[in-house]
Amino acid sequence: MVTQTTYDYIITGGGAAGLLLALRLSQDTYFDDKQVLVIDASSKDQNDRTWCFWSKEDTIIDDAISYRWENVLFKSPWLTKSEQTQPYTYNKVRSIDFYNHVHDILSTKRNITQLRDRVVDIQEGDGYASVKTATSTYTGKQVFNSILFDQRYKNNTKYPLINQHFVGWTVKTNKDVFDPSQATFMDFDIPQKGNTRFMYLLPTAKNEALLEYTLFSKDLLEREAYTHGIKEYLDGLGVKKFDVIEEESGCIPMTCYPFWTNNSTHINLIGIAGGWAKASTGYTFRNAMIKTKDIVNQLKSGTAIKTKSKTRFWLYDLLLLDILNTNNAIGSKLFSDMFQNNRLQEIFAFLDEDAQNLGDLKTIWSMPKGVFIKALFNRITGRF
Ligand SMILES: Cc1cc2nc3c(=O)[nH]c(=O)nc-3n(C[C@H](O)[C@H](O)[C@H](O)COP(=O)(O)OP(=O)(O)OC[C@H]3O[C@@H](n4cnc5c(N)ncnc54)[C@H](O)[C@@H]3O)c2cc1C
């Protein structure tokens, strides 16, 4: 039980975004005299997900990275392309390593309190925000909330919602079939069944890999459909016998719903709750690394906190989602064209929404122009 109730910063939800922000605050002496509270309902002692992200610089969580690839493969009926990631590496973080790493660092900081409690409400106040939990109420000069309370993104008609849903199995096979030097971003060479379906494959040994059977579509499947997809894929590699070492699953909202417009003076939305999941790919972790750094800089400079805004990248994502929403089977072709016509470094810069990268138009125009023009026309004329 925590007795202090007033804080400079309260971080609600200590998952990827919340802990990355807390870690950044803990590593900057500017915040040593600021009181920080991190609240999460869970003890975060399970390996509940595997994060991958690309980087070409040292990161604050290098110690939690368990594997790096320097090659990635894209595969579809139209294209097989293997590419070096340099100057980037594609990095794997097991969530349990991340949670343990960050919790250990935070526990050495006297100004940072970690609380296990369920947040039930967050309210804007006069000069502060209040956070009500199952057991108490806390006030903060700034609250950074990564709990997805707002469900309006699910049923609004303006912004289509595509789900990125998947089940992943880490398997150990009885023979050597994987290439541990190469991660497979997307293998569309599987039955599409009218959707955008692909296998995501992260091998860490010749006989060990995480395989995620993944869809970008509206409706979720029965669990057996995903695991059947993984078994079929392994069968195609000639693997008849394997052990499942770990399992994970997820459903990441891919939407251009502007979550961040619900920010208020003392409450800022971060993580998926703040719209940090890249709408066209679901990648969130890299965004969270970049955006938590921005927040720290804004706090230090005393400028108003801005967690996200609409840019031209938001529009590209919106058009892509409109297309997948009206023709869900086209994803395999769209991503094939993107990988065919762009170097991987250009795609990473595009996904990073690197505004200095003027290659973004090239990346977007490398996909079938007709469907993009039609989606743009429909947006302009209000047909969506
Ligand atoms: C299995 C899986 C794999 C993924 N892999 C990748 C990947 O490889 N790369 C990538 O970029 N993205 C990936 N993502 C997407 C995204 O990065 C993760 O979902 C990421 O964890 C999102 O961060 P977050 O902080 O928004 O949410 P979370 O990490 O989910 O954090 C939210 C926290 O809020 C807590 N919470 C919820 N409700 C309450 C409450 N009422 N009171 C208190 N606490 C509460 C939860 O316990 C949780 O810790 C993956 C997602 C999943 C599910």
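The values are calculated or read from the model by the stated rules, or taken from the named source; none is laboratory data. Bear in mind that the values here come from a model prediction, so they are computed numbers and not experimental data. When we count neighbours, we look across all protein chains shown, and the Cβ atoms used for this are built from the backbone with ideal geometry, even at glycine. Accessible surface areas use protein heavy atoms only, side chains included; no ligands, DNA or RNA. Shrake-Rupley method; radii C 1.70, N 1.55, O 1.52, S 1.80 Å.
Summed over the range 25-46, residues that are among the acidic types (Asp, Glu), surrounded by 13 or more Cβ atoms within 10 Å (Cβ to Cβ) and within 16 Å of the ligand (Cβ to nearest atom) total 1.
Checked against (1) within 21 Å of the chain's Cα centre (by Cα); (2) crowded, with 21+ Cβ neighbours inside 10 Å; (3) assigned to a loop (DSSP other than H, G, I, E, B), Phe216 meets all criteria but (3).
What about Tyr7, is it within 16 Å of the ligand (Cβ to nearest atom), of a type outside the set (Asp, Glu), more than 20 Å from the chain's Cα centre (by Cα) and over 22 Å from Trp276 (Cα atoms)? Considered against the rule, which asks whether it is within 16 Å of the ligand (Cβ to nearest atom), of a type outside the set (Asp, Glu), more than 20 Å from the chain's Cα centre (by Cα) and over 22 Å from Trp276 (Cα atoms), Tyr7 comes out as yes.
Quick check, is Asn268 in contact with a Gly (Cβ under 9 Å, 6 or more places away or on another chain), open to solvent by 30 Å² or more (accessible area, probe 1.4 Å) and at pLDDT 95 or above?
No, not satisfied.
Kindly indicate whether Gly302 is modelled with pLDDT of 90 or more, open to solvent by 20 Å² or more (accessible area, probe 1.4 Å), at positive phi and not aromatic (Phe, Trp, Tyr). Yes: the conditions hold for Gly302.
Is it the case, given these coordinates, that Ile290 is open to solvent by 40 Å² or more (accessible area, probe 1.4 Å), of a type in the set (Val, Ile, Thr) and within 13 Å of the ligand (Cβ to nearest atom)? Yes.
Counting only residues that are in contact (Cβ under 8 Å) with a residue 24 or more places away in the chain, in a loop (DSSP other than H, G, I, E, B) and either more than 16 Å from the ligand (Cβ to nearest atom) or of a type outside the set (D, E, K, R) (or both), the range 115-168 holds 14 of them. Contact annotation: residue pairs with Cβ atoms under 9 Å, 6 or more positions apart or on different chains, pairing a residue in the range 234-253 that is more than 12 Å from Arg49 (Cα to Cα) with a partner that is open to solvent by 60 Å² or more (accessible area, probe 1.4 Å) and in a strand (DSSP E or B), are Phe242/Lys172; Asp243/Lys172; Val244/Lys172; Ile245/Lys172.
Taking the conditions (1) assigned by TED's automatic domain parsing to the domain that holds Asn145; (2) in a loop (DSSP other than H, G, I, E, B) in turn, Asn47 satisfies each one other than (1). Per the conditions (1) among the aromatic types (Phe, Trp, Tyr); (2) open to solvent by 20 Å² or more (accessible area, probe 1.4 Å); (3) within 10 Å of the ligand (Cβ to nearest atom), the sole criterion not satisfied by Phe285 is (2).
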